[in-house]
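Scroll down for the structure; my scribbles are underneath it.
Taken together, the values in this text are just the output of simple stated rules run on the coordinates, not laboratory data. Owing to the predicted nature of the structure, the values given are computational and were not obtained by experimental measurement. With ideal geometry, Cβ positions are generated from the backbone for all residues, glycine too; neighbour counts draw on all protein chains shown.
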Amino acid sequence: MLKDHKDRCTGLARGRPKHLVAPRNIPREALAGRDADAVVGYDFADHGGWHADVDALRKEQPGLMDFATWLDRDGAAAFMTARA
C-alpha cells in the first residue's frame, strides 16, 4: 500500500499521474509484525484522522497549498532535484 502511494506521488511529480484508489476496510490484523508506529497510524486513520477547517486556515495563511498546487509550483522540481 505505501509503495502504491509513493509510486503515485513519484508519477505526479514527473508529470505522469497514476490512478490510485486508497484501500478500504483493511483489517487491523494485517499489521501483525509491523512496528508500533504503523499500528498507531492505522488507528489514527481508522478513527477519522485529522480534522481541520481548511477555509479558516486559508484565511489565516493565504499561501496554504494542497498537494497538487505544491507540485505545480515548486514540489515537482524539488522532488526531481532530490531524486537526482
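Of note:
- Label-to-label distance for Thr81 and Ala30 is 3.7 nm, based on points extended 7 Å past Cα in the beta-carbon direction.
- Using the Cβ-Cβ distance between Ala68 and Tyr42 with R0 set to 25 Å, the FRET efficiency works out to roughly 0.45.
- Backbone geometry of the range 54-59 corresponds, through the Karplus equation with coefficients 6.51, -1.76 and 1.60 at θ = phi - 60°, to 3J(HN,Hα) couplings of 4, 4, 5, 4, 5, 5 Hz, x marking Gly and Pro.
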